[in-house]
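Each value in this text was obtained by applying a stated rule to the coordinates, not by laboratory testing. Because the structure is a prediction, the values reported are computed rather than measured. So basically every Cβ, Gly included, is an ideal-geometry build from the backbone, and we count neighbours across all protein chains shown.
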Amino acid sequence: MRARPAAVTYDAGTGVLLLDTPRTSYAAYVGRADDIPIHTYWGPPITAEDAAHLATSTAERLAAEWECFRSPANRHEEYPLDGGLQFGRAALSVEFPGSVRAVEWRLARHEITAEPGRQELTLWFEARHQELTVALHYRVHDDSDVIDRWVVVRNDSATEAVDVHRLDSAAWVTPEQPRHRMTHLTGRWAAETQLRRTDLADGHFVLESRRGITSHHANPWFAIDDGTATEESGRVYSATLHWSGSWRLLAQRELDEPAQVLFGWGHEGFGPRRLEPGEVLQTPVSSGLFSADGFGAMSHAWHEYALRHVLPNGGEQRPVLFNSWEATGFDVDEAGQLALARKAADLGCELFVLDDGWFGRRSDDRAGLGDWWVNTDRFPGGLKPLIDEVHALGMGFGLWIEPEMVNPDSDLYRAHPEWTYHHAGREPHTMRHQLVLNLARPDVAEWVFGELDALLSANDIQFVKWDMNRPFADTGWPERPDRQGRLWLDHVTGVYGVIDALRRKHPGVAFEACSGGGGRVDFGIMARTDQFWPSDNTDALDRRYIQHGFSHLYPVRTMSCWVTDVPAFINKRRVPLTYRFHVAMAGVLGIGGDLNAWTAEETEEARRLIAQYKEIRHIVQHGRLHRLGEPGRSASAVQYVTADLSESAVLVYQEAQQYDSAPAPIRLRGLAPEGRYRLTGGAVLSGALLMNHGITPRLTGDYASTLIRLELLA
Ligand code: GLA
């Protein structure tokens, strides 16, 4: 397919908009009568002439199909409004003085701006009967088929506030087709990012988080196909939301209509976000992608977009880390951590992360959160002696913190109980013995920044694991009832503000986003962190499913994976060390086991595999990922190929041996067909053979695994 630079056009005469990305086009037109933009096309490239034709033919079709009881634009709206002849769920719902909710608007103007590598189209609408401006933004990139959309509203009244009940980032319309199969990610704690597929029925399908964080239970992403797409073929429409708080995705369909997916932040039913006179409110970005070549190509496009346009340092290679959590739990002290650090360095680890337990009066999860002073019973000389030694061992130093939290048993809570979310006169509900700090309060956000800034200024720290271990509840701020409706949004922007300010002041510090594992995995937090902790579940078999789902949207470069001890704490499963390594080597490798308990053979094996990982990490972290089969059935693999197709690494797994069968050949992908590749073991085979016949791994028994490397010969 031809690749071309991105372009946006808007024809003010016909109202036709056309967004061109390198391999796709997206078209709509602004309806004549009511200025509602109507979606017409999303798919492989079309011309401006085609887009103009679609505007006329769609308008004619919608008019011809019109009948009583049905709206003229049924589910074709680019951004459905509350009011008028629109009967579905609205993307924008604003309550004006006098309890009027209907927004009727007119297109005031459009604007096209270009920066190197990207172009933006903004359609400015003005409410006809009230003083409100709404801007629909579209952005396209020269190097990606992802389209970014977001919305800005401004209350133009000098005197009167309005209440925003719903403000989605976008409505994504996928074409009318016999089936609308939705692929999405579900889960729970220790079982995040489980891939699910379900047909959309006529009616509504809702995925959301009502927990204040992105959540373990659903991830803000979907893909819709007609039920026939595979990894390698088929048309797939997908979208995500760059937001780390409560969110909602609502797919709505009526008989014979397209699927229209509203995607945005917010916390349904909680109360409106008041917009004061003159105030401007901007939604997070929702990004959408059409892929003509199945789920594999879809993931490649998302990964490339994330590395180029979302991650702050997408081009960087992540170090092999050691984390103390599963080894020592809360039982941390200088001598114990030093002993682990020496062993970690000897294995080849490059970053040593001291997890929970180093601060306040924290000896279990009942106390200490909020008291970010070093516990001198455990670290008598502060953290410096440990940090110095870690550095002397050639590793970076990382620290765990949970800045949005407080235990009632802490100096912070005793001094400032009013800093937590609570309702007047009611006992707040603790979870894991902790309460959420109200980061919507500027003074609290400032305090958090001050504490972390002091910590990072006083200590030579290279990495922060930012955790968040409970959802919101009792989400009130009794002294400011006027701010009640915006707490859920302001908390997230408060967190973003603190991390952004820390990054500016401490540019050498990398951040890991963690929320009891994968409770805060999304493009919003990805834009200001360096990697995710996808799950507290480190059992290698469970991890394969979690990593499989995760990889549909999120790049391998962000997926932190540890090798831990057996039996796994979560399910008591025992699997071989090599299999554990091979699963963790499929992402950003880390070690989380108690190295004191490792035998000499295990240590030797670990040293060998860490060294091997360092040889392939540029392929794994920055190559193109191909999912060769799914975990759990017969042998399956994940394959990584460098952009120039010269190197590939394949991790093959067999979870369970069936009878005496040997694994069937596994067809590789993404190689140069004419190229000659040398494989681990010495065989030289053509890319064509490797892709059309495959490799036949020699795996015997349960939890067998192997790493095969391929190198293109000149
Ligand atoms: C959360 C994290 C773990 C660990 C603990 C510490 O559960 O996900 O990795 O840091 O907190 O309390």
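When the Cα centres of the stretch 618-671 and the stretch 692-714 are compared, how far apart do they sit, in Å?
If you average the Cα positions of each part, the centres end up 7 Å apart.
At most 14 other Cβ atoms within 10 Å and a DSSP loop assignment: could you name the GluC sites (Glu not before Pro) in the stretch 160-255 that fit?
Numbers: sites: Glu160, Glu176, Glu192, Glu208, Glu231, Glu232, Glu254; in loops: Glu160, Glu176, Glu192, Glu231, Glu232, Glu254.
Answer by residue number: Glu160, Glu176, Glu232.
May I ask for log10 I(q)/I(0) of the chain at q = 0.06, 0.10 Å⁻¹, from a Debye sum over the Cα atoms as equal point scatterers with solvent left out?
Here the Debye-derived log intensity ratios amount to -0.37, -1.02.
Out of the GluC sites (Glu not before Pro) in the stretch 579-681, which ones are loop residues according to DSSP with at most 13 other C-beta atoms within 10 Å?
Listed in order of number, the matching sites are Glu674.
Please identify the chymotrypsin sites (Phe, Trp or Tyr not before Pro) of the stretch 368-468 that satisfy two criteria: DSSP loop assignment and at most 15 other Cβ atoms within 10 Å. Which are they?
Listed in order of number, the matching sites are Trp373.
Can you sort Ser215, Ser705 so the residue with the fewest Cβ neighbours within 10 Å comes first?
Ordered from fewest to most neighbouring Cβ atoms within 10 Å, Ser215, Ser705 come out as Ser705, Ser215.
Under a straight-distance cross-link criterion of Cα-Cα below 20 Å, which lysines are reachable from Lys465, leaving out those fewer than 8 residues away in the same chain?
Answer for Lys465, where 20 Å is the Cα cut-off: Lys384, Lys505, listed by chain and number.
Helix-only estimate, please: 222 nm mean residue ellipticity of the chain, summing -39500 (n - 2.57) across DSSP H runs of length 4 or more and dividing by its residues, to the nearest 500.
-6500 deg cm²/dmol
Taking amide H positions as placed in the peptide plane 1.01 Å from N, state which residues far from Thr564 in sequence (5 or more) or on other chains have amide H under 5 Å from it.
Close amide H contacts, sequence-distant or interchain: Gly592.
How large is ³J(HN,Hα), in whole Hz, for each residue of the stretch 526-539 in order, when computed from phi with the Karplus curve 6.51 cos²θ - 1.76 cosθ + 1.60 and θ = phi - 60°, using x for Gly and Pro?
4, 5, 10, 9, 10, 6, 10, 9, x, 6, 6, 7, 10, 5
Charges at C-beta only: +1 for Lys and Arg, -1 for Asp and Glu. How large is the resulting dipole of the chain about its Cα centre, in Debye rounded to 20?
Working: 72 positive and 97 negative charges, 250 e Å.
About 1200 debye.
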